[in-house]
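The values are calculated or read from the model by the stated rules, or taken from the named source; none is laboratory data. Owing to the predicted nature of the structure, the values given are computational and were not obtained by experimental measurement. As a convention, Cβ positions derive from the backbone with ideal geometry for all residues, glycine included, and neighbour counts pool all protein chains shown.
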Amino acid sequence: MSHTEIIYGFNSVMAALTNDAGNIIELWVDRERKDVRMNNLLKLAQQHGVMVHKVETRALQRRVGEQRHQGVVAAYRSAAPMNEHQLLELVAQARKPPLLLILDGVTDPHNLGACIRTAEAAGVDAVVVPRDRAAGLTSTARKVASGSAERMPFVAVTNLARCLRDLKEQGVWLFGLDGEARDDIYAFELSVPLALVLGAEGSGLRRLTRELCDQMVSLPMAGLTESLNVSVAAGICLYEVVRQRKR
């Protein structure tokens, strides 16, 4: 199952052209832009046989509202997110200890996009979110992800608690992040099959999600700041896993 959405910005559209050109329905570009970056994009579109319309800037703006399009907008046939069963298959078939990033109710698409970008850079196997009451893979999230969304497996589950239980049965350790946890993340061995579980902006992890985690961990905070943005916290935690696994 797929649906058509509008994507915009050079990184998002170039990533779609590079990784999934067959699902770009058509492309609109600013006819006044003739720089190297635009020429490269147009060459790639021509190579893949994508229909291109050269239009005025205001025509692009009408398609994206107040968003910053950088002179390029595309109609994109995006695949539906993976489901719980596909996630469990991915974990079962992993050739190395899997690493997952689970976001419990992150509602800001900018934060989701930033998390996806960092997750892809850190080699995460999949980003998992609840299907309801959470940000989905919108055009805004894709733009912030700067091309990573087209390469990162994205899973939307109908019942996060059940998904967490199933992952535990497959041997995945669940590490939940909580600013008030007694132990910080640097005290633990993270080379095991692992899912990092982070909560929503402000409210953190839900009670049941917290109870299902095998270990609650925190980040050491030396200053007066009480908490970090979820995407920043995700990046710190993921790269501690990367550091340990390269050891």
Filter the stretch 220-240 for residues that are surrounded by 14 or more Cβ atoms within 10 Å (Cβ to Cβ) and at pLDDT below 85 and give the result.
Ser227, Leu228
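So that you can scan it fast, the table gives a plain yes or no per residue for (1) at negative phi; (2) modelled with pLDDT under 95:
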position	(1), (2)
Arg33	yes, yes
Leu41	yes, yes
Val64	yes, yes
Gln70	no, yes
Leu87	yes, no
Leu90	yes, no
Arg95	yes, yes
Within the set of pairs 6+ apart or on separate chains, which have a first residue in the stretch 167-182 that is assigned by TED's automatic domain parsing to the domain that holds Gly105 and in a strand (DSSP E or B), a second that is polar (S, T, N, Q) and surrounded by 13 or more Cβ atoms within 10 Å (Cβ to Cβ), and C-beta atoms under 8 Å apart?
Trp173/Gln215; Leu174/Gln215; Phe175/Gln215; Gly176/Thr209; Gly176/Gln215; Leu177/Ser218
Result of the Cβ filter at 8 Å on the stretch 113-129, keeping first residues that are under 15 Å from Asn11 (Cβ atoms) and partners that are among the charged types (D, E, K, R) and crowded, with 24+ Cβ neighbours inside 10 Å, at least 6 apart or interchain, is Gly113/Arg142; Gly113/Lys143
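If you go through the stretch 133-147 one residue at a time, how many are more than 17 Å from Glu5 (Cα to Cα) and either in contact with a strand residue (DSSP E or B) (Cβ under 6 Å, 6 or more places away or on another chain) or assigned to a helix (DSSP H, G or I) (or both)?
So the answer is 0.
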Selection within the stretch 195-247 - of a type in the set (S, T, N, Q) and either closer than 23 Å to Asp108 by Cα or under 21 Å from the mean Cα position of the chain (by Cα) (or both):
Ser203, Thr209, Ser218, Thr225, Ser227, Asn229, Ser231
If we scan the stretch 36-45, do we find a residue that is among the β-branched types (Val, Ile, Thr) and either touching a Leu at 6+ places or on another chain (Cβ under 7 Å) or touching a residue at least 40 places away in the same chain (Cβ under 8 Å) (or both)?
no
For the stretch 129-184, which positions are under 27 Å from Met221 (Cβ atoms) and aromatic (Phe, Trp, Tyr)?
Trp173, Phe175
Does Ala15 count as modelled with pLDDT under 90 and out of contact with any Gly (no Cβ under 7 Å at 6 or more places or on another chain)?
no
Would the stretch 19-27 turn up any residue that is out of contact with any Cys (no Cβ under 7 Å at 6 or more places or on another chain), surrounded by 20 or more Cβ atoms within 10 Å (Cβ to Cβ) and closer than 21 Å to Met152 by Cβ?
yes
